[in-house]
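Okay, so here's the structure we're looking at.
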């Protein structure tokens, strides 16, 4: 498919998003004045972030936008228009078609009345190497401003909305590093292949001003909580027994005689949300979660006199875990 | 260099641009409300758009942003914050350093008081394949709105601000397709390696409302004028003898016994500006150009009863030129 044919196909397949006056087809897109104030961009590289023998083209397309949607959620914002840079070797029309299908699917899944998630522009290029997908997503902050990483205060609770470490376990399964049948662990595979960003939860946390700091766990729970602490100039104590567990991760680690905590604390690529919540707002967060269908796990507390994260067991003893030495596996 | 070190280096090297409240270092960048309404994104792929044995790393970095700056100029807008997605094989620190140096250079060249051109965010990734650079640049429309491709009217003059076809000639020289010494044609090489987008000219055309349609010539003058005509529902007659000439392109074609018109009409990759101008505004455009240091070449006219571009010679006869059959060379 030639460049202009592909651009035409994208234009036909994706409606112009809300808040965009001129979409595909001019030198630049034109946005409604004052509509968007958040911008995030993510690149996925074949062989590094995905493999075609591990994920379908549609899953790859889905995931390319999922990681950006999660970033807007992690500002407490609402997503909208995005730009797609598609760099693929010539002649791979069915791969491109699958990627666009996955993108169309995630756009539909996350569009709401008045805030469609859709393509406003981009660039398509040939390569003779690995496929590279970049999505640049615009979003809108809540009325009281976005929730940054630097707002955690002593006494705030550390909250996570669900289990972490799943995507990294999925990668290890797909890579054949574990002597089990990967098909028994579908939700771990899905966490790598087709992760579900917590867009509505992030938006509700933002709109209701329920968190003092917010981040997604794409670098791993421990490291991402560390980003909050560093930018806020505080420390945290996290009780590992209060962390949410995933039955498939527990089963996997039981069978492979490994420690689920390593995945839960250091495994990257998850699109969970981690936040710090003023103690007085915790109950309201639980109510909002109950209505919207997300759980709230209160796993620790912010302390002014600590530096970094201290992981402690049931009796308050430090957990013996070489998390710093844990290396992220790349997909390859 | 590891991911976080590289991000730190980028943060130290590029000041936070005007109009950006939160730059590098959170889940998304936060923009001043109402500041930017234009977005353009461009991807450059090693082996397709550039080669390291043809261009220095600094030239590659310069060019990556130059093409996006030209797109904002082609809306009549003013550029500002941009996002950088850098996908490079591990261990290529000196290449990355050179690219960042070229980017810093072009940022300085095009920043003005109150509208710095600089990095507001991005993503850095490893690859085992070709390097891929994506820039996503934000800009601000003139007060009366951007100048689109679809506004040309019958009677408007067709204007170009300088000679076209230079970059394509530069590529042919670097590829060794022409039996001459490339060093005699420095400005043609420069047009490929380190093109200069007409940012100030575009901004002035926009701010003074001097064009009814505007585009840059990155696909080649004939094709890009064709985009204006198609979107405006009109045709044009262009007198090829009025097109601006470049002495090095003329000399090259003289030596190689080829027709400069092929380059001038069909050669891509130039960052010239092409526009349609209401006849009554042509004199004002010339005055603005004389003050700002750009020339105005009036090369033809828009006609309601034509379709596409008709290129004509001195007596009004159609020029015999197989432009439609002319194939863009890729760098490889």
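At q = 0.05, 0.11, 0.12 Å⁻¹ the log10 of I(q)/I(0) for the protein assembly as shown amounts to -0.25, -1.07, -1.23, computed by Debye summation with a single uniform scatterer per C-alpha, solvent ignored. In summary, region A:155-263 shows an alpha-carbon radius of gyration equal to 1.18 times the 2.2 N^0.38 Å reference for compact globular proteins. Axis of helix A:3-13 versus longest Cα principal axis of chain A: the two differ by about 70°, to the nearest ten degrees. Measure nothing but the geometry: give the 0 to 90° angle between the long axis through the Cα atoms of B:282-292 and the longest principal axis through the Cα atoms of chain B, rounded to 10°. Orientation of helix B:282-292: about 40 degrees from the principal axis.
Distances between equivalent label points of residue A:208 across the copies, with each point positioned 7 Å along Cα→Cβ, amount to 5.6 nm, shortest listed first. In the calculated pair-distance distribution of region A:60-188, the portion above 18 angstrom amounts to 66 percent of the Cα-Cα pairs. Computed with the Debye formula from one identical point scatterer per Cα of region B:1-109, without solvent, the log10 of I(q)/I(0) at q = 0.20, 0.24 Å⁻¹ comes to -1.22, -1.54.
In region B:147-192, the C-alpha radius of gyration followed by the widest Cα-Cα span (Dmax) gives 16.1, 45 angstrom. For region B:213-285 and region A:160-228, what is the centre-to-centre distance using only Cα atoms, to the nearest Å? Between the Cα centres of region B:213-285 and region A:160-228 lies a distance of 52 Å.
Quick one: pull the percentage of alpha-carbon pairs in region A:213-273 with a separation above 14 Å. Walk me through the intermediate numbers first.
On the way: 1097 of 1830 pairs.
Here the tail beyond 14 Å accounts for 60 percent of pairs.
Please compute the alpha carbon radius of gyration of region B:83-151, then divide it by the globular-protein estimate 2.2 N^0.38 Å. Two decimals is fine.
On the way: Rg = 15.7 Å, N = 69, 2.2 N^0.38 = 11.0 Å.
Its radius of gyration relative to the 2.2 N^0.38 Å reference: 1.42.
For chain A, the fraction of C-alpha pairs more than 26 angstrom apart is 49%.
Nearest chain A C-beta to the A/B rotation axis, reported as residue and distance in angstrom, is A:129, 1. The value obtained for region A:250-321, namely the Cα convex hull volume divided by the number of residues, is 148 Å³ per residue. Relative contact order for chain A: 23 percent, from Cα pairs under 8 Å spaced at least 6 residues apart, divided by residue count. For chain B, the mean residue ellipticity at 222 nm estimated from helices alone is -10500 deg cm²/dmol, where every DSSP H run of n ≥ 4 contributes -39500 (n - 2.57) and the total is divided by all residues, rounded to the nearest 500. Counting from the shortest, the label point at residue A:176, 7 Å from Cα toward Cβ, is 4.2 nm from the same position in each remaining copy. Between copies, residue A:287 shows label-point distances of 6.6 nm, shortest first, with the point placed 7 angstrom from Cα along Cα to C-beta. Taking the Kirkwood radius as Rh and the Cα radius of gyration as Rg, region A:1-45 has a ratio of Rg/Rh equal to 1.02. For region B:192-332, the alpha-carbon radius of gyration amounts to 1.07 times the rule-of-thumb value 2.2 N^0.38 Å expected for a compact globular protein.
No value in this document is a laboratory result; all are computed from the given coordinates. Keep in mind it's a predicted model, so treat the numbers as computed, not measured. All Cβ positions, glycine included, derive from the backbone under ideal geometry; neighbour counts span all protein chains shown.
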